[in-house]
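Visitor: First the structure, which I've put down as C-alpha cells, then a few questions once you've had a look.
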2 protein chains.
Amino acid sequence: MQYLEDLVIGAKHSFGRYQVTRDEVLEFARKYDPQPFHLDDEAAARTHFGRLAASGWHTCAMTMAMIVENITANEQAGLGSPGVDELRWLKPVFPGDVLRCETEIVEATPSRSKPEIGSFRSQVTTYNQHDEPVLRFTSIVLIRRRPDPSVAPA
Amino acid sequence: MQYLEDLVIGAKHSFGRYQVTRDEVLEFARKYDPQPFHLDDEAAARTHFGRLAASGWHTCAMTMAMIVENITANEQAGLGSPGVDELRWLKPVFPGDVLRCETEIVEATPSRSKPEIGSFRSQVTTYNQHDEPVLRFTSIVLIRRRPDPSVAPA
C-alpha cells in the first residue's frame with residue numbers, strides 16, 4: 001500500500017497507452033458533446049480542429065482510464081478526489097491517436113482536522129504519439145496516512 | 001447569433017434536466033473509471049460515498065450534454081474551450097438523481113491579438129433534485145465578436 005508518507009515531491013511517473021478510435025470518439029460525442037466538430041468530418045474541417053476531434057471531456061475520461069489502471073497496479077491508499085485545477089485542452093485529439101500519461105507530485109499535505117488522512121496535488125499531462133501534450137490538469141487527491149504502529153487499533 | 005458583445009456580466013442562466021440511470025453510471029465507470037465505488041454496491045457502501053456513485057468525470061460529461069443542448073438552442077458564436085478552472089466535485093451523484101445546470105457569466109474580454117474574437121469565463125454549477133450543488137467549475141470559452149458593419153468583408 002502506498003500512503004501519504006510514501007509520496008515524494010517531484011517524483012514523476014509515466015504510464016498508460018490508450019488507442020483512440022473513431023467509433024469511440026463518435027459514441028462519446030453523440031451522448032455527451034454533440035457539437036458538429038466532434039461528430040462530422042466536413043463540419044470539423046471548417047473549424048480550427050481541421051478534422052474530426054474528440055470531445056475534451058472524452059480526453060479527460062480516457063486519461064482517467066489510464067490513471068485508474070495505474071493506481072490499481074500501485075495499490076495507492078487513495079480516497080477519491082475533490083477536484084482538479086487549471087485543466088487545459090492543449091491540442092486536439094484525433095481518431096488514430098495513441099495517448100499516454102505522465103504525472104508529477106507537486107505537493108503533499110497532512111490534513112489539519114483528520115489525523116488519519118492527507119491530500120496531494122499531482123500534475124497530470126496526457127501526450128499523443130508525437131509527444132505533444134494534449135491535456136494538462138492538477139489533480140487533488142485524498143489519501144490515507146501510514147497507520148502508526150505505536151497506536152493500538154480501536 | 002449571440003456574440004461577445006451580447007454577454008452580460010452577472011447574467012445567470014438555468015437549464016437542463018438529466019436523469020441519471022444506474023445502467024449509464026455502470027457503463028461509464030466500466031469504460032473510464034473502474035474504481036470499486038463506481039461499480040459495486042457493497043464496495044461503495046464501505047466508502048464515504050455510502051452507495052454506488054457516478055464517476056466525477058461522468059458528472060462532467062452529463063453536465064456538458066446539458067450545456068451543448070443549451071448553446072445549440074441559443075445559437076452562441078462559440079469557438080470551443082481551452083479549459084476549465086477550479087473544478088470541484090461537491091457531492092456524490094447517485095443513480096436516480098436528476099441533474100440541472102446553472103451558469104453565471106463572470107468575465108468577458110476581447111482578445112488582444114485577434115480583433116475578431118474574445119473569451120468569457122462562466123461559472124457552471126450542476127445541482128441534483130434536492131437543489132444541492134454536486135459539481136462546480138469555471139469554464140473558459142472562446143467566442144466571436146459581433147462583425148463590424150462598417151468594415152466591408154474581405
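The values are calculated or read from the model by the stated rules, or taken from the named source; none is laboratory data. Model, not experiment: these values are computed from the prediction. Every residue, glycine among them, receives a Cβ derived from its backbone with ideal geometry; neighbour counts consider all protein chains shown.
Visitor: Can you spot a residue in the stretch B:128-142 that is within 13 Å of chain A (Cβ to nearest Cβ), at pLDDT below 95 and within 30 Å of A:Met62 (Cβ to Cβ)?
Guide: Yes, the stretch B:128-142 contains at least one residue that is within 13 Å of chain A (Cβ to nearest Cβ), at pLDDT below 95 and within 30 Å of A:Met62 (Cβ to Cβ).
Visitor: Just to be sure, is B:Ala65 surrounded by 13 or more Cβ atoms within 10 Å (Cβ to Cβ), assigned to a helix (DSSP H, G or I) and within 10 Å of chain A (Cβ to nearest Cβ)?
Guide: On the way: surrounded by 13 or more Cβ atoms within 10 Å (Cβ to Cβ): yes; assigned to a helix (DSSP H, G or I): yes; within 10 Å of chain A (Cβ to nearest Cβ): yes.
So B:Ala65 passes the test.
Visitor: Conditions first: (1) more than 9 Å from chain B (Cβ to nearest Cβ); (2) at pLDDT 90 or above; (3) surrounded by 15 or more Cβ atoms within 10 Å (Cβ to Cβ). A:Gly50 passes all but one, so which condition is the exception?
Guide: (3) is the only condition that A:Gly50 fails.
Visitor: Here's another thing I want to ask about it. Is it true that B:Lys31 is of a type in the set (D, E, K, R), surrounded by fewer than 23 Cβ atoms within 10 Å (Cβ to Cβ) and assigned to a loop (DSSP other than H, G, I, E, B)? Walk me through it before giving the result.
Guide: On the way: of a type in the set (D, E, K, R): yes; surrounded by fewer than 23 Cβ atoms within 10 Å (Cβ to Cβ): yes; assigned to a loop (DSSP other than H, G, I, E, B): no.
Judged against the criteria, B:Lys31 is not a match.
Visitor: Right, here's the next one. Please verify whether B:Leu87 is within 11 Å of chain A (Cβ to nearest Cβ), in contact (Cβ under 8 Å) with a residue 12 or more places away in the chain and of a type in the set (A, V, I, L, M), treating the condition exactly as stated. Steps first, please.
Guide: On the way: within 11 Å of chain A (Cβ to nearest Cβ): yes; in contact (Cβ under 8 Å) with a residue 12 or more places away in the chain: yes; of a type in the set (A, V, I, L, M): yes.
Spelling it out, B:Leu87 is indeed within 11 Å of chain A (Cβ to nearest Cβ), in contact (Cβ under 8 Å) with a residue 12 or more places away in the chain and of a type in the set (A, V, I, L, M).
Visitor: Which residue is surrounded by the fewest Cβ atoms within 10 Å (Cβ to Cβ), if the candidates are limited to the stretch B:77-88 and must be at pLDDT 95 or above and touching a Ser or Thr at 6+ places or on another chain (Cβ under 7 Å)?
Guide: B:Glu86
Visitor: Out of A:Asn70, A:Asn128, A:Asn74, I need the residue that is touching a strand residue (DSSP E or B) at 6+ places or on another chain (Cβ under 7 Å), crowded, with 17+ Cβ neighbours inside 10 Å, over 24 Å from B:Pro133 (Cβ atoms) and not aliphatic (A, V, I, L, M). Which one?
Guide: So the residue among A:Asn70, A:Asn128, A:Asn74 that is touching a strand residue (DSSP E or B) at 6+ places or on another chain (Cβ under 7 Å), crowded, with 17+ Cβ neighbours inside 10 Å, over 24 Å from B:Pro133 (Cβ atoms) and not aliphatic (A, V, I, L, M) is A:Asn128.
Visitor: Determine which single condition A:Lys114 fails, assuming it passes every other condition in (1) over 12 Å from the mean Cα position of the chain (by Cα); (2) at pLDDT 95 or above.
Guide: (2)
Visitor: Something else now. Is at least one residue of the stretch B:98-112 touching a helix residue (DSSP H, G or I) at 6+ places or on another chain (Cβ under 9 Å), aliphatic (A, V, I, L, M) and either over 21 Å from A:Gly56 (Cβ atoms) or away from chain A (no Cβ under 14 Å) (or both)?
Guide: yes
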